[in-house]
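First up is the structure itself, then whatever we jot down about it.
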Amino acid sequence: MSTIGFVGFGVVGQATAKGFKTKHTILSHDKFKTSDTLDKVIAESEFIFLCLPTPMTGDYSRIDLTILEEAVHQIAPKIAGTDKILVIKSTVVPGTTARFAKTYPKTHFAMNPEFLREKTAEWDFMNPDRIIIGSNDPKVAKRFEELYRGILPNVPVFHSDPTSAEMVKYMANTFLAMKVLFANEIAELCRKVGVDYDTVKKMVVSDTRIGDSHLDVSPEKGFGGKCFPKDTVALLGLAKDVGIDLSLLKTMWEKNLRIRSVRDWEEIEGAVSEKRATL
């Protein structure tokens, strides 16, 4: 049995904690909830999961890592030289965990992206398609896999460097966002030529290469929610910083802004930056 600490106890933190609670002791710190002190979480936890918001900036230009960076800068120096592992569970642009590890070379870091839907987060955590562990230290990776194997013994585990692990989350979410927008375009074309989109879709998704997820069309059109908009913006911001042309994603996002009738992400806590501290 290990003691596992969580900093940030929203949807992701709570779902992850509930999954591990069956076999481990759980501590949590969240400024906006009744919780343990940060010092207690740091002192007593073997694994410390950071499940903090990483919103997009208000101008939709990039990701805002202010909240997460504050947590890392408070925690990493205090666990340097120990066997504690600081786990980045928050969604961060590729290169973030490696940057933290370079700043704090005596602290053990791991990147462990989440693939949870808000409405079914607890079920998703206990029924994942895969577990991804990003670490450049084989010993850290082994300990982390053993932690997961204790509660999810039969789930495929992929090991990678932290940056690859970060990229997996963004590739998955932006691909699914593109499916949503593609569905909207085909649905509009179906209406124009006088055929039923749902009938067409049913026959198309029988092709196992395509799959039937994220092809429904909502009255609001396009994609909304918390993750798809902010992750698309984050990846576009990174591409601009490193000088890569992601014109497909850029066009997708610009069209989504044009056709989406409700920008619901602006009302969702943690989706758009307010630059507020959480510790």
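Quick notes on this structure:
- Meets criteria (among the charged types (D, E, K, R) and either in contact (Cβ under 8 Å) with a residue 40 or more places away in the chain or open to solvent by 40 Å² or more (accessible area, probe 1.4 Å) (or both)) for residue 169: yes
- Among helices (runs of 4 or more DSSP H) entirely within region 74-163, having at least 1 residues that are in contact with a helix residue (DSSP H, G or I) (Cβ under 6 Å, 6 or more places away or on another chain) singles out 96-103, 121-126.
- Among (1) in contact with a helix residue (DSSP H, G or I) (Cβ under 6 Å, 6 or more places away or on another chain); (2) open to solvent by 40 Å² or more (accessible area, probe 1.4 Å); (3) aromatic (Phe, Trp, Tyr) - the single one residue 6 does not satisfy: (2)
- Within region 212-265, the set of residues being basic (Lys, Arg), in a helix (DSSP H, G or I) and open to solvent by 30 Å² or more (accessible area, probe 1.4 Å) comprises 240, 250, 255, 258.
- If you check 231, 245, 212, 196 for being of a type in the set (D, E, K, R) and at pLDDT below 95, only one passes: 212.
- Breaking point among (1) modelled with pLDDT of 95 or more; (2) more than 21 Å from residue 147 (Cβ to Cβ); (3) of a type in the set (Phe, Trp, Tyr), for residue 47: (2)
- Of the candidates 18, 31, the single residue that is within 20 Å of residue 145 (Cα to Cα) and touching a residue at least 40 places away in the same chain (Cβ under 8 Å) is 18.
- Of the set (1) part of a loop (DSSP other than H, G, I, E, B); (2) among the aliphatic types (A, V, I, L, M); (3) in contact (Cβ under 8 Å) with a residue 24 or more places away in the chain, all apply to residue 195 but (3).
- Residue 70 meets all of the listed conditions (1) charged (D, E, K, R); (2) more than 19 Å from the chain's Cα centre (by Cα); (3) modelled with pLDDT of 95 or more but one, namely (2).
- Residue identified as in contact with a Phe, Trp or Tyr (Cβ under 7 Å, 6 or more places away or on another chain) and of a type in the set (Val, Ile, Thr) among 242, 233: 233
- Test: residue in region 79-90 that is modelled with pLDDT of 95 or more, more than 30 Å from residue 266 (Cβ to Cβ) and open to solvent by 60 Å² or more (accessible area, probe 1.4 Å): yes
- Residue 269 falls short on exactly one of the conditions (1) part of a loop (DSSP other than H, G, I, E, B); (2) over 23 Å from the mean Cα position of the chain (by Cα), and that condition is (2).
- In region 233-248, the residues that are acidic (Asp, Glu) reach residues that are surrounded by fewer than 20 Cβ atoms within 10 Å (Cβ to Cβ) and assigned to a helix (DSSP H, G or I) with C-beta atoms within less than 9 angstrom, at least six apart or across chains, in these pairs: 245/239.
- Each residue in region 186-211 was checked for being open to solvent by 90 Å² or more (accessible area, probe 1.4 Å), within 23 Å of residue 249 (Cβ to Cβ) and under 30 Å from the mean Cα position of the chain (by Cα), and 1 pass.
The values are calculated or read from the model by the stated rules, or taken from the named source; none is laboratory data. Treat the numbers as computed from the prediction; the structure is a model and nothing was measured. FYI the Cβ positions are ideal-geometry reconstructions off the backbone, even for glycines, and counts take in every protein chain you see. Only protein heavy atoms, including side chains, enter the accessible area calculation; ligands, DNA and RNA are left aside. Shrake-Rupley method; radii C 1.70, N 1.55, O 1.52, S 1.80 Å.
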